[in-house]
Amino acid sequence: MKNEERYTRQTTLKEVGQAGQTKLEQAKVLVIGAGGLGCALLPYLVTAGVGTIGIVDGDLVTISNLHRQVLFSNQDVEKQKATIASQKLRKLNPEIQIETYPFYLNGNNALDLIKKYDLVVDATDRISARYLINDACVLADKPFVHSSIYKFQLQLSVFNYKDGPTYRCLYPQPDENAKSCAEVGVMGTTVALAGSLQANEVIKMILEIGKVRSGELLIFDLLSNEQSTFSFKKNSSLKITQETFQKEHIISKVSYAYAEMNDHLLIDVRETSELPILKANHLLQMPMSVLESSLELIPMQRRISLFCQSGERSLKAYKTLKSHQFKDVYCLEENAPQLEKILSE
Amino acid sequence: MEKINIKYFGEVAEKTGKTMEELDESFNTVQDLTEYLKSTYNLNGDAIKIAINRELASNDQPLNRTDEIAVLSPFAGG
């Protein structure tokens, strides 16, 4: 049973009204990431009455999240972010549908998930995820609202809106070295503001009111209070196809047991100083810093399985090898810390 | 002669150690400026974007001394 009174303060606005409320109820929004940005924007989408909201996040709550990820409390530590967020949000508004996806978005699941929704919110904290979201949104023809943070500064833009510019029109190539909040620190208030600006763009797009920040990048410095806006155009020479998507985002993964059984050459792309030091048969050390200049040392005819400390660099190495015509390349499902356990057994 | 005004944001400002500067150099194109920034501040030229008068510029775009320049880069955090 719907309670009309719940939304009276917003339906009183002539820009919203009953017709607008119906648009919100019918809208389907996928929020990728239930971290700082997700915790800031989700409550407002939920309470505004967006009818269907999906939450994607494979991460677990840690104690260091709590200062800014305000949907979580101490007893949630080590639990799934997506699941806990959904539970709390359902209490805020039991009248809407919340779908929970407690796993990371990847090349294999992105398109299917995104196709189910009308618009997407990029609330992730990884550069590689932004390109995945961008490319999947372009293929699925869905707009997405982007925000990202560096210390006290935020960037905000809406991409792929009504055939407008995409993230690649702004930043064509991934800069895998850009630093995350975990590395450089962030205040809760910065993500809160960025997240509510994202929610505001979502609501405007659904209601078809105001001006959507498409083709325009906002940089807001919360220390100096300075707001700068930069315009950019669609680069029509950038083409994203099923084929480029496949090449860039779908990686083949195998388990250590499989790689061992099939005589794969294991390549450790960590730097030589990193721990744990691993010893195994068919193990080659080829740090990421020298990989591209040492490709001749890698036998092209061998099946190759890559690993590092977290999976981030092995993914990068995978793309490097693939771009140099290595055919049989895989990433190991396990990273160095798990391999240490397996190898010591 | 007027100096060229440049603003830096995010990690770029961290690397240059300043949020803005006035340069007494002259650059013909955006590409020349990018080369200067790469060699002076060790910036990754592929990762930065130059805006002229609040509009993203392409590499071959000419630079005038009176232009307002901004150097942007993607942020990772969220």
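The values are calculated or read from the model by the stated rules, or taken from the named source; none is laboratory data. Treat the numbers as computed from the prediction; the structure is a model and nothing was measured. Cβ sites come from the backbone with ideal geometry, for glycine too, and all protein chains shown count toward neighbours. All accessible areas refer to the heavy atoms of the entire protein, side chains included, with ligands and DNA or RNA removed. Shrake-Rupley method; radii C 1.70, N 1.55, O 1.52, S 1.80 Å.
Beyond 32 Å in Cα-Cα separation lie the following of the pairs A:K316/B:K49; A:K322/B:K18; A:K88/A:K234: A:K322/B:K18; A:K88/A:K234.
Within the shell defined by Cβ-Cβ distances under 14 Å, the residues around B:E35 carry a net charge of -3, with Lys and Arg each +1 and Asp and Glu each -1. Ligands, DNA and RNA are left out, and with a 1.4 angstrom probe the accessible area of region A:19-144 is 38 Å² per residue. Greater than 20 Å separation of Cα atoms is the criterion. Which listed pairs, A:K142/A:K211; A:K239/B:K7; A:K162/A:K211; A:K23/A:K116, meet it? The pairs that break the limit, which is 20 Å between Cα atoms, are A:K239/B:K7. In this rough spin-label picture, where each label sits 7 Å from Cα along the Cβ direction, the A:I209-A:S228 distance is 3.2 nm. Ellipticity at 222 nm from helices only: DSSP H runs of n ≥ 4 in chain A, each -39500 (n - 2.57), divided by the residue count, give -10000 deg cm²/dmol.
Provide the percentage of antiparallel DSSP beta bridges, counting only those with both residues in chain A; round to the nearest 5. Roughly 40 percent of the beta bridges in chain A run antiparallel, per DSSP. Here is the interface size for A with B: some 2400 Å² of accessible area buried, both sides summed, with a 1.4 Å probe.
Label positions at A:E260 and B:D60, each projected 7 Å from the Cα along the C-beta direction, are separated by 5.6 nm.
Between the beta carbons of A:L218 and B:E14, assuming R0 = 30 Å, the FRET efficiency works out to 0.90 to the nearest 0.05. Each label point was placed 7 Å from the Cα along the Cα-to-Cβ direction; for A:V70 and A:M300 their separation is 5.7 nm.
For chain B, the antiparallel share of DSSP beta bridges with both residues in that region comes to about 75%.
Using θ = phi - 60° in the Karplus curve 6.51 cos²θ - 1.76 cosθ + 1.60, the 3J(HN,Hα) couplings for region A:19-31 round to 4, x, 4, 5, 4, 4, 4, 8, 6, 10, 10, 9, 9 Hz; x is entered for Gly and Pro.
Counting Cβ atoms of other protein chains within 10 Å of each Cβ in A:215-222 and taking the mean gives 2. When chain A is treated as a GNM with alpha-carbon contacts under 10 Å, the residue of A:P276, A:P143, A:P94 showing the greatest mean-square fluctuation is A:P276. Dipole magnitude for region A:1-94: about 180 debye, using +1 per Lys or Arg Cβ and -1 per Asp or Glu Cβ, origin at the Cα centre.
Taking a ≥ b ≥ c as the square roots of the Cα gyration tensor eigenvalues, the protein assembly as shown comes out oblate, since a/c reaches at least 1.5 and a/b does not exceed b/c. Distant-in-sequence amide contacts of A:E99, defined by a placed amide H-H separation under 5 Å and a gap of 5 or more residues or a different chain, comprise A:I53, A:G54, A:I55. Calculated FRET efficiency, A:K162 to A:Q97, Cβ-Cβ distance, R0 = 25 Å: about 0.45 to the nearest 0.05. Electrostatic tally near A:T244: other residues with Cβ closer than 14 Å to its Cβ, Lys and Arg +1, Asp and Glu -1, net +2.
Charge dipole (Cα centre; +1 on Lys/Arg Cβ, -1 on Asp/Glu Cβ; no other charges) of chain A amounts to roughly 800 debye. Note on A:K322 and A:S289: the extension gain reaches 10.2 nm, defined as 0.36 nm multiplied by sequence separation minus the Cα-Cα distance. Across region B:12-21, coupling constants 3J(HN,Hα) worked out from phi with the 6.51/-1.76/1.60 Karplus curve, θ = phi - 60°, read 4, 5, 5, 6, 7, x, 7, 8, 7, 7 Hz, and Gly and Pro carry x.
Given a 10 angstrom Cα cut-off, can you work out which residue in A:K28, A:K116, A:K14 is the most mobile in a GNM of chain A? For chain A, modelled as a Gaussian network with Cα springs under 10 Å, the answer is A:K14.
Stretching the chain fully between A:A182 and A:A19 yields a gain of 54.5 nm (0.36 nm per residue, less the alpha carbon separation). Rounded, prolate or oblate: which one fits region A:68-199, using the alpha carbon gyration tensor with axes a ≥ b ≥ c (rounded when a/c is under 1.5, else prolate when a/b beats b/c, else oblate)? It is oblate, given that a/c is not under 1.5 and a/b is not larger than b/c.
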